[in-house]
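Here the structure comes first, spelled out in structure tokens, and everything after it is commentary.
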Amino acid sequence: MRFLMMHRLDESVPEAWNPTPEFMAKMGQTIQDWTEKGVLITAEGVHPSEKGSLIRKATTEKVTVTDGPFTEAKEVIGGFALINAKDRADAVELARQYIQLFEGIEIEVEVRQVVEFEDLAG
């Protein structure tokens, strides 16, 4: 099963967006370990919302585009990882390991199972 782990950070905390060399080393080791074990499909960090855009479509079909930063959101997506796990409990355990990499930073990780084609047939 595939799961998406999205981590959210407080955009107003500079430390959350400026990783230390120690963090990068720990993240690199985790990426290597999970890749060798066949757990990690891909993982990326993203820039703060000031470099992003939010596209919305209302029920009236009107599409609006808002450029960042998104002041209405305290926490924004800081990155993601797409992983292989045997079940949700396994994915949650991997998320627990992942979240521990972010020492001294308030963070939350959302784990969501990816919809597979087989899930739709029925």
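The values are calculated or read from the model by the stated rules, or taken from the named source; none is laboratory data. Only a predicted model underlies this, so the values are computations on that prediction, with no experimental measurement involved. We place every Cβ from the backbone using ideal geometry, glycine too, and count neighbours over all the protein chains shown. Just the protein is used for accessible areas: all its heavy atoms, side chains included, with ligands, DNA and RNA removed. Shrake-Rupley method; radii C 1.70, N 1.55, O 1.52, S 1.80 Å.
Restricted to the stretch 97-111, and to residues that are under 13 Å from the mean Cα position of the chain (by Cα) and within 18 Å of Trp34 (Cα to Cα), which residue is surrounded by the most Cβ atoms within 10 Å (Cβ to Cβ)? First the steps, then the outcome.
Within the stretch 97-111, the first condition is being under 13 Å from the mean Cα position of the chain (by Cα), and the residues that meet it are 98-99, 102, 107-111.
Then keep just the ones that are within 18 Å of Trp34 (Cα to Cα); that gives 98-99, 102, 109, 111.
Numbers: Tyr98: 21, Ile99: 14, Phe102: 19, Val109: 19, Val111: 19.
This residue is Tyr98.
When you look at Thr42, is it under 27 Å from Arg2 (Cα atoms), surrounded by fewer than 11 Cβ atoms within 10 Å (Cβ to Cβ) and touching a strand residue (DSSP E or B) at 6+ places or on another chain (Cβ under 6 Å), yes or no?
Details: under 27 Å from Arg2 (Cα atoms): yes; surrounded by fewer than 11 Cβ atoms within 10 Å (Cβ to Cβ): yes; touching a strand residue (DSSP E or B) at 6+ places or on another chain (Cβ under 6 Å): yes.
Considered against the rule, which asks whether it is under 27 Å from Arg2 (Cα atoms), surrounded by fewer than 11 Cβ atoms within 10 Å (Cβ to Cβ) and touching a strand residue (DSSP E or B) at 6+ places or on another chain (Cβ under 6 Å), Thr42 comes out as yes.
Out of all the residues in the stretch 66-83, is one or more of a type in the set (Ser, Thr, Tyr) and either more than 24 Å from Glu11 (Cβ to Cβ) or open to solvent by 50 Å² or more (accessible area, probe 1.4 Å) (or both)?
Restricting attention to the stretch 66-83, the residues satisfying the condition of being of a type in the set (Ser, Thr, Tyr) are 66, 71.
Retained after the next criterion (residues that are either more than 24 Å from Glu11 (Cβ to Cβ) or open to solvent by 50 Å² or more (accessible area, probe 1.4 Å) (or both)): 66, 71.
Looking for residues that are of a type in the set (Ser, Thr, Tyr) and either more than 24 Å from Glu11 (Cβ to Cβ) or open to solvent by 50 Å² or more (accessible area, probe 1.4 Å) (or both), one finds at least one in the stretch 66-83, hence yes.
Does Ala25 meet the test of being under 20 Å from Met6 (Cβ atoms) and either aromatic (Phe, Trp, Tyr) or at pLDDT 90 or above (or both)?
Details: under 20 Å from Met6 (Cβ atoms): no; either aromatic (Phe, Trp, Tyr) or at pLDDT 90 or above (or both): yes.
In short, no.
Which condition from (1) assigned to a helix (DSSP H, G or I); (2) farther than 14 Å from Leu4 by Cβ is the one that Phe102 breaks?
Of everything listed in (1) assigned to a helix (DSSP H, G or I); (2) farther than 14 Å from Leu4 by Cβ, Phe102 misses just condition (1).
(1) at pLDDT 95 or above; (2) assigned to a strand (DSSP E or B); (3) not aromatic (Phe, Trp, Tyr): which one isn't true of Val65, the others all being true?
That leaves (1) as the condition not met.
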